[in-house]
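Data block below; observations after.
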Protein chains: 2
Amino acid sequence: MTETTKTKPLRLADFLPYRLSVLSNTVSKRIAERYEAEFGLSIGQWRVMAIIGECPGLTATEISDRAAMDKVAVSRAVTGLVERDLLARKATQSDGRRSQLSLTPGGEAMYQRIVPLALSYEAELTAALNGADVDQLKALLDSCAAVVSPRRLV
Amino acid sequence: MTETTKTKPLRLADFLPYRLSVLSNTVSKRIAERYEAEFGLSIGQWRVMAIIGECPGLTATEISDRAAMDKVAVSRAVTGLVERDLLARKATQSDGRRSQLSLTPGGEAMYQRIVPLALSYEAELTAALNGADVDQLKALLDSCAAVVSPRRLV
DNA sequence: TCGAGAAAGTTTCAAATGTAACTAGTTTGC
DNA sequence: GCAAACTAGTTACATTTGAAACTTTCTCGA
């Protein structure tokens, strides 16, 4: 060890947070374009529909917790969807501040049209991977996510 | 097959684009907070510094290509860094429209302080993974990235 | 060698986003 | 049973972002 200690260099192209960000942003942008073009939905609106489609009756705050969206973003997305009559609010009887959200028939119909598109996009994204690889990838992402936000028990 | 054909349901928590987005946004936000608090740098500014630290002499457009940032974002980041005397522009002799960018001594010093922090953050993020897992994760992300943007030959 | 078209980078302006303040309703503790 | 503290959701405002227009410089073809 006669050399001076050199700091390990940073190779951005190999740096995990950077790669995650680039991939995620590219994917999000592509998806956003499609949803906007075909359905006039923003990513946030679509995310709200996806959550309510899966779990009708959740409130805005519950969506906020699950979707990693902040409550203002949820509020705006919900407002837009209600205006377009894709989503309905129903006041919670026990608590006047909250409302339970559900898809209207029109919202449900749109949801049913989007789901296969979303799944086919996921399939396209992982076209180079086999089933086991996809599972592995999701598991690895989970391990990282667990470190970053330890208490996501959704 | 006597049942009606049911569409495959969408489980958002299992949907890869969604998971990528949530993880990436969480990670980016955390990193942004640190860089902002300790160095007064935005993510974009740090990204520019990281690229120039690795490859001095690149132009704004070249950064834009590599970093998946659009040229306006690069322009603004560069302007901010030049104002703070972290980055220097030198007009390309052969082409008056471009300038080649490099870190000033101050920029270099800051870069050398950030690199170990960045690497330790990456290590923290993958704390639950062993070395082979990390390589595997990067390889899998690459496979997806190759599908999404086939021509990234950086 | 001149003019049309393209490229680098900046500026402008509108839309999206986040923070903080706000309203309305609910719970708690005394 | 009521005031203080708290929560759900919205609104307002400031900042960030992105798209398009613009300026300057360069390239190419006639």
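Within the stretch A:40-56, residues that are more than 11 Å from residue A:86 (Cβ to Cβ) reach partners that are outside any helix (DSSP H, G or I) and aromatic (Phe, Trp, Tyr) with beta carbons closer than 9 Å, at six or more positions or on different chains, in the pairs A:50/B:15. Of all the criteria given as (1) within 14 Å of another protein chain (Cβ to nearest Cβ); (2) exposed (fewer than 13 other Cβ atoms within 10 Å of the Cβ), the one not satisfied by residue B:93 is (1).
Pairs linking a residue in the stretch B:92-105 that is within 18 Å of residue B:79 (Cβ to Cβ) and of a type in the set (Gly, Ala, Ser) to a residue that is part of a strand (DSSP E or B) and within 8 Å of DNA strand C (Cβ to nearest atom), with Cβ atoms under 8 Å and 6 or more positions apart or on different chains, are B:99/B:89; B:99/B:92.
Results for (1) away from DNA strand C (no atom under 15 Å from the Cβ); (2) loosely packed, with under 13 Cβ neighbours inside 10 Å, shown as yes or no for each residue.
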| site | (1), (2) |
| --- | --- |
| A:77 | no, no |
| A:83 | no, yes |
| A:99 | no, no |
| A:127 | yes, yes |
| A:136 | yes, no |
| A:146 | yes, no |
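Regarding residue B:106, is this residue more than 15 Å from DNA strand D (Cβ to nearest atom), over 19 Å from residue A:11 (Cβ atoms) and either more than 13 Å from chain A (Cβ to nearest Cβ) or touching a strand residue (DSSP E or B) at 6+ places or on another chain (Cβ under 6 Å) (or both)? Even if it seems obvious, please write down each step before you answer.
Values: more than 15 Å from DNA strand D (Cβ to nearest atom): yes; over 19 Å from residue A:11 (Cβ atoms): yes; either more than 13 Å from chain A (Cβ to nearest Cβ) or touching a strand residue (DSSP E or B) at 6+ places or on another chain (Cβ under 6 Å) (or both): yes.
In short, yes.
The residue that is surrounded by the most Cβ atoms within 10 Å (Cβ to Cβ), among those in the stretch A:34-61 that are over 14 Å from the mean Cα position of the chain (by Cα) and more than 15 Å from DNA strand C (Cβ to nearest atom), is A:58. In the set (1) away from DNA strand D (no atom under 12 Å from the Cβ); (2) surrounded by 21 or more Cβ atoms within 10 Å (Cβ to Cβ); (3) closer than 22 Å to residue A:9 by Cα, residue B:67 fails one condition alone, (1).
Would you confirm, using the coordinates I've provided, whether residue A:15 is more than 8 Å from chain B (Cβ to nearest Cβ) and not β-branched (Val, Ile, Thr)? Outline the logic, then answer.
Numbers: more than 8 Å from chain B (Cβ to nearest Cβ): no; not β-branched (Val, Ile, Thr): yes.
So residue A:15 fails the test.
Here, each number is a calculation from the coordinates, and none is a lab measurement. Predicted, not measured: the structure shown is a model, and the values here were computed from it. Counting neighbours? That spans all protein chains shown, and the Cβs are built from the backbone with ideal geometry, glycine included.
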